[in-house]
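S.K.: Here it is, the structure in full.
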Amino acid sequence: MLVGIDVGTTKVCALIGEVMRDGKLNVLGHGTVPASGLKKGVVVNIDQTVRSIGDAVERAERLSGFKIDRAFVNVGGQHVESQNSTGQVAVTAHHREVTREDINRAIEVARAVSIPSNREVLHVERRGFIVDGQEGVKDPLGMSALRLEVETHIVTAGATAVQNLTKCVGAAGVKIDELVVSSLASAEAVVSETEKDLGVAVADVGAGTIDLALFNEGSPFHTAVLPIGGNNVTNDVAIGIKTSLQVAEQLKIQHGTCDLRSVSGDDEIGVAVLGDEAGRTVSRLEVCQIIEARMRETFELLRSEITAAGPGMLPAGLVLTGGAAQLAGTAELGREVLGMPVRIAAPSGMGGLVETLLTPAHATAIGLLQWGAAGVGTEPVRYESAPALGLLSRIRDALRSIFP
């Protein structure tokens, strides 16, 4: 049994699944509740966060009939950062063949970069190897060589933010198998291996943040979190129309679009206005102009981040997922601002209780299950977590050291 818990800004989603004999992932139970105690993906109130996680877990347990004792949990927030590093070692075996020990030593050298004490390493991703100057080697084990070099992508997070999240999950009665950065979990659910090989960006647009991961040649080379999301659009609508956040959210979902060409200037919407019980009518075009302006700014921030990380390395374009990516006209505006292919993606290929789960809003939760499934009964998972936080992670690390 596998469990994924997506702890987000506005919702907490717990999923229980199992890997079938044919390799397909089957969902056995799920529980989704409104989140409280978090702001922009970071815990700001321990008690409220514990309650939200506990409620989501209880609902999933009730639906599935299983007891949750451990789970894969996502990490979000602007404190998530990444860097690339290389490590080089001499091949020590007398027959000059690369061994598992050589690979591990190279990774340890790459990992020994200067990381502040207030940060914690979450992932060390092996991007590729260079064997005696030969680039593009994915698995050098058993190759003849004098020198081995590894390229890695290291993802770190703020230590206190990780500790507070871990404390909340533990207080809800759940142990952590592995902490997974939200963008990498979402990518598991919505991006194909072909797209990762070509070069693709994945942006999980949530309520408080955008979790971004850039892939090339099958592995990530840049991971970041932007402190902007769907709530910023809602806030702008509320201020511009002078209404409550609840009404602004309804306006955004029911009448909003980023494509102003599809909006008639004659369309009127009745809304409640702060300080006026009778309310008033507003132009739908006015509402959509506010939405389009904020979403255009959002894509401009994404463009700046992508350009700084690796311009021209993403022929497969941008894949948008997350609840806030479902706003009408988002993909069209993204293509206009970014000048690259943009599509909205939802998870697929699941079985079981999935009728309401195959939406962009559940990409991270389903991705956490798929992340866990990738390590069941196999030698290494694509991403190497450090430190190992749960029993499954410790078993996986032990297997890595025993089997080549």
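The values are calculated or read from the model by the stated rules, or taken from the named source; none is laboratory data. Bear in mind that the values here come from a model prediction, so they are computed numbers and not experimental data. Note: ideal-geometry Cβ built from the backbone for every residue, glycine included; neighbour counts use all protein chains shown. Calculation scope for accessible area: heavy atoms of the full protein, side chains included, ligands and nucleic acids excluded. Shrake-Rupley method; radii C 1.70, N 1.55, O 1.52, S 1.80 Å.
S.K.: Out of segment 195-208, which residues are open to solvent by 10 Å² or more (accessible area, probe 1.4 Å) and touching a residue at least 40 places away in the same chain (Cβ under 8 Å)?
M.R.: Passing the criteria: Glu195, Leu198, Asp204, Val205, Gly206, Ala207.
S.K.: Same structure, new question: Could you list, in sequence order, all residues of segment 9-23 that are out of contact with any Leu (no Cβ under 7 Å at 6 or more places or on another chain), under 24 Å from Asp204 (Cα atoms) and either surrounded by fewer than 24 Cβ atoms within 10 Å (Cβ to Cβ) or touching a residue at least 60 places away in the same chain (Cβ under 8 Å) (or both)?
M.R.: Thr10, Lys11, Cys13, Ala14, listed by residue number.
S.K.: Then there's this: Within segment 294-327, count every residue that is at pLDDT 95 or above and either at positive phi or among the aromatic types (Phe, Trp, Tyr) (or both).
M.R.: Residues that pass the stated criteria total 3.
S.K.: Kindly indicate which of Thr243, Thr234 is assigned to a loop (DSSP other than H, G, I, E, B) and either touching a Pro at 6+ places or on another chain (Cβ under 6 Å) or among the hydroxyl-bearing types (Ser, Thr, Tyr) (or both). Steps first, answer last, please.
M.R.: Numbers: Thr234 fails: assigned to a loop (DSSP other than H, G, I, E, B).
Sole residue among the options that is assigned to a loop (DSSP other than H, G, I, E, B) and either touching a Pro at 6+ places or on another chain (Cβ under 6 Å) or among the hydroxyl-bearing types (Ser, Thr, Tyr) (or both): Thr243.
S.K.: What are the pairs with Cβ atoms under 8 angstrom where one residue, in segment 150-171, is within 13 Å of Gly76 (Cβ to Cβ) and the other, located anywhere, is part of a strand (DSSP E or B) and of a type in the set (D, E, K, R)? Sequence gap at least six, or different chains.
M.R.: Listed by first residue and then by second, the contacts come to Val155/Glu81; Val155/Glu125; Ala157/Glu81; Ala157/Arg119; Ala157/Glu120; Gly158/Arg119; Gly158/Glu120; Val162/Glu120.
S.K.: Might you let me know whether segment 134-144 holds any residue that is in a loop (DSSP other than H, G, I, E, B) and at pLDDT 95 or above?
M.R.: No; the residues of segment 134-144 include none that is in a loop (DSSP other than H, G, I, E, B) and at pLDDT 95 or above.
S.K.: Please pick out the residue among Val124, Val131, Val113, Val137 that is open to solvent by less than 70 Å² (accessible area, probe 1.4 Å), β-branched (Val, Ile, Thr) and touching a residue at least 60 places away in the same chain (Cβ under 8 Å).
M.R.: Values: Val131 fails: touching a residue at least 60 places away in the same chain (Cβ under 8 Å); Val113 fails: touching a residue at least 60 places away in the same chain (Cβ under 8 Å); Val137 fails: touching a residue at least 60 places away in the same chain (Cβ under 8 Å).
Selected residue: Val124, the only one of Val124, Val131, Val113, Val137 that is open to solvent by less than 70 Å² (accessible area, probe 1.4 Å), β-branched (Val, Ile, Thr) and touching a residue at least 60 places away in the same chain (Cβ under 8 Å).
S.K.: Additional query: What about Thr257, is it in a strand (DSSP E or B), touching a residue at least 12 places away in the same chain (Cβ under 8 Å) and open to solvent by less than 70 Å² (accessible area, probe 1.4 Å)?
M.R.: When the stated conditions are applied, Thr257 does not pass them.
S.K.: Would you mind telling me which numbered condition in (1) surrounded by fewer than 23 Cβ atoms within 10 Å (Cβ to Cβ); (2) within 16 Å of the chain's Cα centre (by Cα) Pro315 fails?
M.R.: Exception for Pro315: condition (2).
S.K.: OK, next. Could you list, in sequence order, the residues of segment 66-83 that are surrounded by fewer than 24 Cβ atoms within 10 Å (Cβ to Cβ) and under 14 Å from Leu2 (Cα atoms)?
M.R.: Phe66, Lys67, Ile68, Asp69, Arg70
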